[in-house]
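Notes for the one structure printed next.
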Amino acid sequence: MLRPLRGAIIHSIDSWLGRIEIAVVGEHLVYVGIGLGGAASFLGRVRLRDSASAFDRVLIEEAEAQLTEYLHGERRVFTLPLKFLGTFFQTKVWLKTMEIPYGETRSYSWVAGEIGSNSPRPVGGALAANHLMIIVPCHRVVGAHGKLGGFSAGMSVKKRLLEHEARYSC
């Protein structure tokens, strides 16, 4: 189901994780989340305005195809044009998180150390603000000693994503 919102296009996909919403503005994917209403809320908060175009629809179709491949265990890396909408620090955290290999996890402390932060706590805050779930695989970041830690879509979703990747990483 496609619907325009302030020039953005929001699309939802039914999956084994539940409903996944994606939003595109112009030539960039700007939102991926689980559940309904998150995309509209996010776009309203960041006050995105652009004009919907034919390219928007092509990108929506490509994003849906790549997410579907991921959910079927057929894709490990996404090749979509992304627009990060956060602070410099948040963007550093998200980019570092994207370097964590499929099927593996790293700790909040590891991410902090890799980006030159003295504390894992702000890393957790940056990951909580991740607006490109799955694409920026914040589910691969865990607490000390492998404890799952938090996840904006809920711990059961984080666990299911990690189990999914473990199943297909062999």
### Query
Can you list the lysines whose alpha carbon is less than 17 Å from that of K92, not counting same-chain residues fewer than 8 positions off?
K83
#### Entry: Of all DSSP beta bridges in the chain, antiparallel share, percent nearest 5
75 percent
### Query
What is the spin-label model distance, in nm, from Y168 to A129 if the labels are put 7 Å beyond Cα along the C-beta direction?
3.0 nm
### Summary
In the neighbourhood of M133 defined by beta carbon distances under 12 Å, the net charge of the other residues (Lys, Arg +1; Asp, Glu -1) is +1
### Globularity index of the chain, i.e. its alpha-carbon radius of gyration over 2.2 N^0.38 Å
1.00
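Mind listing which GluC sites (Glu not before Pro) in the stretch 70-170 are in a DSSP loop and have 14 or fewer other Cβ atoms within 10 Å?
In loop regions of the stretch 70-170 (DSSP not H, G, I, E or B), the sparsely surrounded GluC sites (Glu not before Pro) are E74, E99, E104.
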### Query
Extent of the stretch 57-116 along each principal axis, from alpha carbon coordinates, in Å, largest to smallest?
37, 26, 12
### Query
Can you pull the percent of the stretch 104-170's accessible area that's carbon plus sulfur, 1.4 Å probe, other chains left in place?
52 percent
### Task
Rounded to whole Å and ordered largest first, report the semi-axes of the equivalent ellipsoid of the stretch 110-158 derived from its Cα gyration tensor (root of 5λ).
18, 13, 9
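The values are calculated or read from the model by the stated rules, or taken from the named source; none is laboratory data. Computed from a prediction, not measured in an experiment: that's the story for all the values here. Glycine gets a Cβ as well: all are built from the backbone with ideal geometry, and neighbour counts include every protein chain shown. Surface areas here come from the heavy atoms of the whole protein model, side chains and all, with no ligands, DNA or RNA. Shrake-Rupley method; radii C 1.70, N 1.55, O 1.52, S 1.80 Å.
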